[in-house]
Amino acid sequence: MANDEGLRGILEAGAVAAAAKLLGCAIEHHARGGLRSGTIVETEAYTEDDPAAHSFVGRTARTDPMFRRAGTLYVYLSYGIHHCMNVVCAGEGRGEAVLIRAIEPLAGTDAMIEARGWRGKPAKDLANGPGKVCQALGVGLHHNGGDLLGGGAVRLVAGPSPPPDAIVVTPRIGITKAADWPRRFVWKRK
DNA sequence: TATTAGATTGTCT
DNA sequence: GACAATCTAATAT
């Protein structure tokens, strides 16, 4: 585990390395209604040489935060209805980020269920997808460009690292380019 | 339980 | 005008 300074260093090391080490860390959203947080259990790395990455096309108005310094929160809207959150990695102008694909509810589970209209279904499936993570945590486009390490409403908190043998690397899903790149990291528990 | 098809909005060419 | 880093629901096994 590491403190905020340690986290920043991990992020600056690059998206691939950061994706593996972010497993076990927690995302916190400090809102008026209460604290909502979850443990990161699935990530996906996007680098500047990745055809599937938004940054591959170049820096645009939408992907601008992705080119900022490590620790920046990058939120984008997908398919017009779902938003996904990323942790910007590397350094200024690099265009690397880690997509938070899934978390395990830690605190404020009731608020998540109510926000998502989840009706008595297993909490395990409450945020097991990129779009669900944002919706469950209440993270929206207005958080885009924020600093996860700067004490904002949305924070990244260090947590216990899962055992190396519990980390599974698999091909990516839901994209049309370079989908077979093994850059999806899943914390598999037994 | 696994697989297939449809929905829906912003951004880029 | 077309595409996109997805989710949900319904149908088949």
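The values are calculated or read from the model by the stated rules, or taken from the named source; none is laboratory data. Just so it is clear, the model here is predicted, and its values are computed rather than measured. Neighbour counts are summed over all protein chains in view; Cβ atoms, including those assigned to glycine, are modelled from backbone coordinates with ideal geometry. Surface areas here come from the heavy atoms of the whole protein model, side chains and all, with no ligands, DNA or RNA. Shrake-Rupley method; radii C 1.70, N 1.55, O 1.52, S 1.80 Å.
Here is a check on your reading of the model: is A:Ala111 buried (at least 23 other Cβ atoms within 10 Å of the Cβ) and of a type in the set (Gly, Ala, Ser)?
Here the answer is no, as A:Ala111 does not meet what is asked.
Being under 23 Å from A:Gly33 (Cα atoms) and of a type in the set (Gly, Ala, Ser) is the filter here; which residues of region A:69-113 pass it?
Across region A:69-113, the qualifying residues are A:Ala102, A:Ala107, A:Gly108, A:Ala111.
Return the only residue of A:Ala18, A:Ala26, A:Ala13 being away from DNA strand C (no atom under 12 Å from the Cβ) and over 23 Å from A:Arg172 (Cβ atoms).
Testing whether each residue is away from DNA strand C (no atom under 12 Å from the Cβ) and over 23 Å from A:Arg172 (Cβ atoms) leaves just A:Ala26.
Among the candidates A:Gly14, A:Gly58, single out the residue that is in contact with a Cys (Cβ under 7 Å, 6 or more places away or on another chain) and either farther than 25 Å from A:Ala166 by Cβ or surrounded by fewer than 21 Cβ atoms within 10 Å (Cβ to Cβ) (or both).
Answer to the check: A:Gly14.
Restricting attention to region A:130-152, does a residue exist that is over 19 Å from A:Val88 (Cα atoms) and open to solvent by 60 Å² or more (accessible area, probe 1.4 Å)?
Within region A:130-152, one or more residues are over 19 Å from A:Val88 (Cα atoms) and open to solvent by 60 Å² or more (accessible area, probe 1.4 Å).
Are there any pairs with C-beta distances below 9 angstrom linking a residue in region A:28-57 that is at positive phi to a residue that is in a strand (DSSP E or B) and open to solvent by less than 40 Å² (accessible area, probe 1.4 Å), with the two at least 6 apart or on different chains, and if so which?
From region A:28-57, the pairs are A:Gly34/A:Ala107.
Out of the residues in region A:52-78 that are over 22 Å from A:Glu5 (Cβ atoms) and of a type in the set (S, T, N, Q), which is nearest to DNA strand C (Cβ to nearest atom)?
Filtering first and then ranking leaves A:Ser78.
Mind listing whichever residues of region A:30-51 are surrounded by fewer than 23 Cβ atoms within 10 Å (Cβ to Cβ) and away from DNA strand C (no atom under 14 Å from the Cβ)?
A:His30, A:Ala31, A:Arg32, A:Gly33, A:Gly34, A:Leu35, A:Ser37, A:Thr39
Which of the strands (runs of 3 or more DSSP E) found entirely inside region A:10-125 contain at least 3 residues meeting this: within 16 Å of DNA strand B (Cβ to nearest atom)?
A:73-78, A:82-89
Quick one: how many residues across region A:79-106 are open to solvent by 30 Å² or more (accessible area, probe 1.4 Å) and away from DNA strand C (no atom under 12 Å from the Cβ)?
5
Identify, please: which residue in region A:157-174 is open to solvent by less than 50 Å² (accessible area, probe 1.4 Å) and within 16 Å of DNA strand C (Cβ to nearest atom) and is, among those, nearest to the chain's Cα centre (by Cα)?
A:Arg172
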